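Novice: Below is the structure I would like to discuss, written out as structure tokens.
All of the numbers you see were taken from the coordinates with simple rules; none came from a lab. For clarity, every value in this text was computed on a predicted model and none was experimentally measured. No Cβ is skipped: glycine too gets one built from the backbone with ideal geometry, and neighbour counts run over all protein chains shown.
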Amino acid sequence: MFYHDGGKLQYPVRVEKPSPIFAKALQQAIGGIQGEIRVCLQYLFQAWGARGPVKYRDMLLETGTEEMAHIEMLATAVALNLEGAPLEQEEAAKDPVVYAALGGMNIQHVIGTCMAAMPVDSEGVPFNCSHVYASGNTAADMLANATAESTGRMLAVQLWRMTDDPGMKDMLSYMIARDTMHQNQWMAAWEELGGRENHPIPNSFPQEQENEDYNYAFLSFGVGDDFQVPEGAWTEGQSFDHKGSNSTVQMRPLGDKPQLGAAPPKAAVQKAQLKK
């Protein structure tokens, strides 16, 4: 169950110099793959399917709910940046402030929403949940969440640099701070769950049933006398999970060339492909 408190914002949102172009850019933070709809749904679906210690479910619910508030803040910011935007392209051509209608404004803000935010990215592509990751494996989900917050923070930093509006910089500085907290939050949970000792994920599969010739081998496919293997902590020494030793294997074909035989009689193929 979710509650709201009459529409008050989590953090103040103000715009001193409306910019329809910036409103379009802010759409990425709403409906883009780095955006708040993505992480909101990701955390909530992870919570709704969480099994095991209940505190991880509760934590995900708390932060998923916070992300709803971030969507509300950004939607408000989009609407305020559209204040005074032109309703006719002829007027846009005359007014430098609203020239954005011809030079980068999302026309759907005019003809589809009466100057309001939409569940789309900055190019107008609707959000479709293809980047909502909820695996049911808490450790895997924590890593996915840290990645989501990292790319979200990258986007927020770029948006902060794009604008000189004091109000927008203030709102974005708050959102960047929350991204910092959430990155640390998810990694702290991952570490509490076992960190590197929790790997490989899932750790419920017995590793003795893996092909142990290859579970800590970096495979190199390079050819030529001048090719050099990209060496690092992944090619030698103790593995990240401290359960094996890294090595490098120059890969060669291990399987024979496939022989698929002829096509079945009813297949839509050429006669030469059919079984005799």
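Novice: Please determine, in degrees from 0 to 90 and to the nearest 10, the orientation of helix 138-162 with respect to the longest principal axis defined by the Cα atoms of the chain, where the helix direction is its Cα long axis.
Specialist: With both axes taken from Cα atoms, the answer is about 40 degrees.
Novice: Just to be sure I understand the model, the point goes 7 Å from the Cα along the line to the Cβ. What's the resulting ALA272 to SER204 distance in nm?
Specialist: Going by the 7 Å Cα→Cβ label model, 5.2 nm.
Novice: Output wanted: per-residue J couplings in Hz (rounded whole) for segment 192-201, from phi through Karplus 6.51 cos²θ - 1.76 cosθ + 1.60, θ = phi - 60°, x for Gly and Pro.
Specialist: Working through the residues one at a time gives 5, 6, x, x, 5, 5, 7, 9, x, 8 Hz.
Novice: Near LYS8, which lysines are there with a Cα under 21 Å away, not counting those fewer than 8 places off in the same chain?
Specialist: Cα-Cα hits under 21 Å: LYS169.
Novice: If R0 is 35 Å, what FRET efficiency do you get for SER220 and ALA263 from their C-beta distance, rounded to 0.05?
Specialist: With a Förster radius of 35 Å, E is 0.40.
Novice: If I model a spin label as a point 7 Å beyond the Cα along the Cα-Cβ vector, how far apart are those points for PHE2 and CYS129 in nm?
Specialist: With each label placed 7 Å out from Cα toward Cβ, I get 1.4 nm.
Novice: Rank GLY232, GLY52, GLY261 by mean-square fluctuation in a GNM of the chain with C-alpha springs under 10 angstrom and give only the top-ranked residue.
Specialist: GLY261
Novice: Follow-up question, since we're still on this one. Taking amide hydrogens as modeled 1.01 Å from N in the peptide plane, which residues meet the under 5 Å criterion relative to GLY124, leaving out close sequence neighbours?
Specialist: none
Novice: Continuing with the same structure: Relative contact order (percent) for segment 205-251, with alpha-carbon contacts under 8 angstrom and 6 or more residues of separation?
Specialist: Relative contact order comes out at 41 percent.
Novice: Of the labelled options (i) 123; (ii) 279; (iii) 141, which one gives volume of the Cα convex hull per residue in Å³ as computed for this structure?
Specialist: Answer label, from the structure shown: (ii).
Novice: About its Cα centre, how strong a charge dipole does segment 205-251 have in debye, to the nearest 20, once Lys and Arg get +1 and Asp and Glu get -1 at the Cβ?
Specialist: It comes to approximately 100 debye.
Novice: Hey, another quick one. Mind checking the dipole of the chain: about its Cα centre, +1 per Lys or Arg Cβ, -1 per Asp or Glu Cβ, Debye to the nearest 20?
Specialist: In total the dipole reaches around 1080 debye.
Novice: Does anything in segment 138-160 have its amide N under 11 Å from the 7 Å Cα→Cβ label point of MET187, and if so which residues?
Specialist: 146-147, 150
Novice: Once you've got the GNM for the chain with C-alpha springs shorter than 10 Å, pick whichever of MET115, MET171, MET162 has the biggest mean-square fluctuation.
Specialist: MET162
Novice: Now a separate question. Helix 36-48: angle to the longest alpha-carbon principal axis of the chain, degrees 0 to 90, nearest 10?
Specialist: On a 0 to 90 degree scale, this one is about 60.
Novice: May I pose another question? Of LYS24, LYS55, LYS257, which is the most mobile in a GNM of the chain whose springs link Cα atoms less than 10 angstrom apart?
Specialist: It is LYS257.
Novice: How high is the relative contact order of the chain, in percent, counting Cα pairs under 8 Å that sit 6 or more residues apart?
Specialist: 19
Novice: Based on Cβ point charges of +1 for Lys and Arg and -1 for Asp and Glu, what charge dipole magnitude is obtained for segment 138-276 about its Cα centre, in debye rounded to the nearest 20?
Specialist: Taking the Cα centre of segment 138-276 as origin, the dipole is about 1140 debye.
Novice: Additional query: Using the Cα centre of the chain as origin and beta-carbon charges of +1 (Lys, Arg) and -1 (Asp, Glu), tell me which of CYS129, ALA29, ASN145 is placed farthest towards the positive end of the dipole.
Specialist: It is CYS129.
Novice: Separation between the SER245 and ASP164 pseudo-spin-labels, each 7 Å from Cα along Cα→Cβ, expressed in nm?
Specialist: The modelled label-to-label distance comes out at 6.1 nm.
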